[in-house]
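What follows draws every value from the coordinates through simple rules; no lab data is involved. Keep in mind the model is a prediction, meaning the values are calculated, not measured. A quick note on method: Cβ atoms are made from the backbone with ideal geometry, for glycine too, and the neighbour counts reach across all protein chains shown.
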């Protein structure tokens, strides 16, 4: 960006300005700005006309990603293992001397919570999640997920980008690049942070990587509205509009002098978006517009401030999807802390105490969000995906009542547009230690997400450093068993 400096003249004097007399400059400025405005409108029409089309008819147009950082335990939430209960307190067969992320493991440890059948499908779900149990008939569970890493930071970005190291575009950035916006007055991709902070590896989870900078996620949360969005009261609307138009002209000329600078283009686009958001964002972020029964459904006034904060983020997510935001990432919990399991689902030492704290924060607001999306008809176009970075061991860590990291088995699920509800894909072994049936990777997961959005994951590419890069790298197969 550059700033315009206009020299004011003494009354009666008329020195040249940019090679023009003052009257010539003022006279031509009007027609020039009209041309700029027209060119911008035509440019937007051209972009819309030449935007990359989907490869085939999509089932979904938007994505809601719900992410629980800290490696939420599959065997304590979604993956019922009756033999784990039967052999509780005995050594894991073949794993008696196994050493995992934080050291040696003890014996098998059953889940502290009972499982019960839910819905018409009779899916066994932990009683720790009574509200979400009511949604299982619309969910497609993937019980055979695996990760390439057992460390939280790399695990989170692996689940968001398909790569365990930083520098690669997130799935939301890929969809912004491939499909563009559904509402030019709001960001295409929004990441909603938990009130407790950013997830492990922070902004890398919603970064643009090597894609143009305009495709990175915009951070937003109910507890952290967009700053500096309102026009100062000392500046009139007409003056604000004229100033923006003048700066737009100069910025366009500056951009023309620096072709290929995507950061410059993204900076300009962000300021233009901010101007348009002055009208749209305050309205969509104003949760007071919702009736009281909706707030009660979500739990936004709950006595637990963490649950109330997450509930408000859930409600904000629905409002953003209603307004056409293409990709919303909603986080429930944050990065690891000095005390295991305090800020996220990383329950190394005290599984029961940690999950008794986290599950009520997550359960009711998330279930309310899913139910609200369904009753408003938004699931016809919205794909919902639930993620965590990896799973946890069926044993307890030696000397603790918690579970260590397990990259060899965990659960994710999908629901909504194009998804066949009430089904399960893949399976872990009898104790939930390893994925053994229809073993699934993050590449398969996002190949399926792209497929539901009308995109062939092998054809969605971006040329970078001599290679046609893909979200799914050189891997991935669509999980056809969960498609409607």
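For a Förster distance of 41 Å, can you work out the FRET efficiency between the beta-carbons of residue 337 and residue 88, rounded to the nearest 0.05? Intermediate values should be presented prior to the final figure.
Details: r = 29 Å, r/R0 = 0.71.
So the FRET efficiency works out to roughly 0.90.
For segment 75-174, state the average projected area of the convex hull of the C-alpha atoms over all orientations, rounded to one decimal in nm².
Numbers: hull surface 34.2 nm².
For segment 75-174, the mean projected area of the Cα convex hull comes to 8.5 nm².
What's the exposure ranking of 345, 113, going from fewest to most Cβ atoms within 10 Å? Before the final figure, lay out each step's value.
On the way: 345 25, 113 17.
Ascending number of Cβ neighbours within 10 Å: 113, 345.
Testing the spin-label approximation: label points 7 Å from Cα along Cα→Cβ at residue 293 and residue 148. State their distance in nm.
The modelled label-to-label distance comes out at 4.9 nm.
What share of Cα pairs, in percent, lie more than 19 angstrom apart in segment 364-483?
Details: 4221 of 7140 pairs.
Of the Cα pairs, 59 percent sit more than 19 Å apart.
Once you have a ≥ b ≥ c as the square roots of the Cα gyration tensor eigenvalues for segment 376-447, tell me rounded if a/c is under 1.5, and otherwise prolate or oblate according to whether a/b is larger than b/c. It would help to have the intermediate numbers written out before the result.
Working: a/c = 2.75, a/b = 2.08, b/c = 1.32.
Because a/c hits 1.5 or more and a/b exceeds b/c, segment 376-447 counts as prolate.
Report the dimensions of segment 290-357 along its three principal axes from the alpha-carbon atoms, largest first, rounded to Å.
That works out to 42, 28, 15 Å along the principal axes.
At R0 = 30 Å, how high is the FRET efficiency between residue 185 and residue 458 if r is their beta carbon distance? Nearest 0.05 is fine.
Working: r = 34 Å, r/R0 = 1.12.
Working from the Cβ atoms, E equals 0.35.
Regarding segment 136-190, what is the average projected area of its C-alpha convex hull, in nm²?
Working: hull surface 23.4 nm².
Projected over every direction and averaged, the Cα hull of segment 136-190 covers 5.8 nm².
Once both labels are modelled 7 Å past Cα along the beta-carbon direction, what's the residue 286-residue 475 spacing in nm?
In this crude label model, residue 286 to residue 475 measures out at 4.8 nm.
Take every Cα-Cα distance within segment 107-264, group them into 10 Å bins from 0 onward, and report for each bin the whole-number percent of pairs it holds.
9, 20, 29, 23, 9, 7, 3, 0
How many nm is it between the label spots at residue 322 and residue 165, if each spot is 7 Å from the Cα in line with the beta carbon?
4.5 nm
What do the square roots of 5 times the Cα gyration tensor eigenvalues come to for segment 323-416, in whole Å, largest first, as semi-axes of the equivalent ellipsoid?
On the way: eigenvalues 185, 39, 27 Å².
They are 30, 14, 12 Å, listed from largest to smallest.
Quote the relative contact order of segment 323-477 in percent (integer), defining contacts as alpha-carbon pairs under 8 Å separated by 6+ residues.
Values: 192 pairs, mean separation 22.6, N = 155.
Across segment 323-477, relative contact order equals 15 percent.
Evaluate the relative contact order of segment 275-385 (contact order divided by residue number), counting alpha-carbon pairs under 8 angstrom at least 6 apart; express in whole percent.
With pairs under 8 Å counted, the relative contact order is 24 percent.
Using the count of nearby Cβ atoms within 10 Å as a rough guide to exposure, how do 149, 243, 188, 54 rank from fewest to most?
Details: 149 18, 243 12, 188 25, 54 15.
Least crowded to most crowded, the residues run 243, 54, 149, 188.
Apply 1/(1 + (r/R0)^6) to the Cβ-Cβ distance of residue 99 and residue 223, taking R0 = 35 Å, and write down the FRET efficiency to the nearest 0.05. If you can, show how the numbers build up before the last one.
Values: r = 40 Å, r/R0 = 1.15.
That gives a FRET efficiency of 0.30.
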